[in-house]
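Heads up: the structure comes next, in structure tokens.
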Amino acid sequence: MKKKVIIISASPRKHGNSDLLCDQFQKGAQDAGHKAEKIFLRDKKMNYCLGCMKCQSNGGKCVQKDDMEEILEKIVQADVLVLATPVYFYNMDGQMKVLIDRTCPRYTEIANKNVYLIATSTDTGPGAMEGTINGFKSALSCYPGADIAGTICGTGVTQVGDIKESPVMVEAYEMGKSV
């Protein structure tokens, strides 16, 4: 069955390491016959959540007018969600956190999705990804029936393109194919 895959790249760097892993995941998913679209947050206008909660009383509409309404619709309609971030200070980057906060208007509709996580870090230590993965798990617990179907962690990468020499490039492609 053909699936609709939405890949959210929160890398602030064009062709950054986590973004390159997104490309590999997308290629694998497309090669397997799925429809896969990558949304590069750097190219979108996305304000911070205001915490006003008006979205909860007006049918799931945010009072802000930016690109998040379109992004959120694609997330809700997707069968598979991929969230990708570089790791800064042992957690997801700000762009990813803003995206997650802005799902508030329709978070209950982000239901029963297989979710794949992609993260890259300079640090190679055993705890390098712990805060990031735990942050994702906490956020995803708000989405009914969301299931973490796979995690790709690229460590020891700093400069743009460092990930190209890593075996996780193949892992990302294969995970995309297995969606």
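Overview of values
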read-out	value
Estimated 222 nm signal from helices in the chain, with DSSP H stretches of n ≥ 4 weighted -39500 (n - 2.57), rounded to 500	-9000 deg cm²/dmol
Residues whose placed amide H lies under 5 Å from that of Lys38, excluding near-sequence neighbours	Ile7
Largest to smallest principal axis extent of the C-alpha atoms in the range 87-173, angstrom	39, 26, 22
In Å², nearest 10: area of Lys38 left accessible to a 1.4 Å probe	60 Å²
Accessible heavy-atom area order of Val76, Val63, highest first, probe of 1.4 Å	Val63, Val76
Rounded to whole Hz, the Karplus (6.51, -1.76, 1.60) HN-Hα couplings of the range 58-72, x for glycine and proline	10, x, x, 9, 6, 6, 7, 10, 8, 6, 5, 4, 5, 4, 4
Accessible area of Tyr88 in the full protein assembly, 1.4 Å probe (Å², nearest 10)	100 Å²
Computed over the range 97-179: relative contact order in percent, which uses C-alpha pairs under 8 Å that are six or more apart	36 percent
Fraction of beta bridges assigned by DSSP in the chain that are antiparallel (%, nearest 5)	5 percent
The chain: relative contact order as a whole-number percent, Cα under 8 Å and 6+ apart	32 percent
Cβ crowding within 10 Å averaged over residues, with 21-29, 120-128 ranked highest first	21-29, 120-128
Diffusion coefficient, µm² s⁻¹, Stokes-Einstein with Kirkwood Rh over alpha-carbon pairs of the chain at 25 °C and 0.890 mPa s	151 µm²/s
Equivalent ellipsoid dimensions for the range 139-179 as semi-axes, Å, which come from the Cα gyration tensor, largest first	26, 14, 6
Accessible-area value, Arg13, 1.4 Å probe, nucleic acids and ligands omitted, Å²	90 Å²
At 0.890 mPa s and 25 °C, Stokes diffusion of the range 44-109 via Kirkwood alpha-carbon radius, µm² per second	194 µm²/s
At 0.692 mPa s and 37 °C, Stokes D of the range 7-49 from Kirkwood alpha-carbon radius, µm² per second	297 µm²/s
For the chain, with +1 on Lys and Arg beta carbons and -1 on Asp and Glu, the positive-most of Ser121, Gly51, Leu140 along the dipole	Gly51
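The values are calculated or read from the model by the stated rules, or taken from the named source; none is laboratory data. Bear in mind that the values here come from a model prediction, so they are computed numbers and not experimental data. Ideal geometry is used to build each Cβ from the backbone, glycine not excepted, and the neighbour counts take in all protein chains shown. Heavy atoms of the whole protein, side chains included, go into the accessibility calculation; ligands, DNA and RNA do not. Shrake-Rupley method; radii C 1.70, N 1.55, O 1.52, S 1.80 Å.
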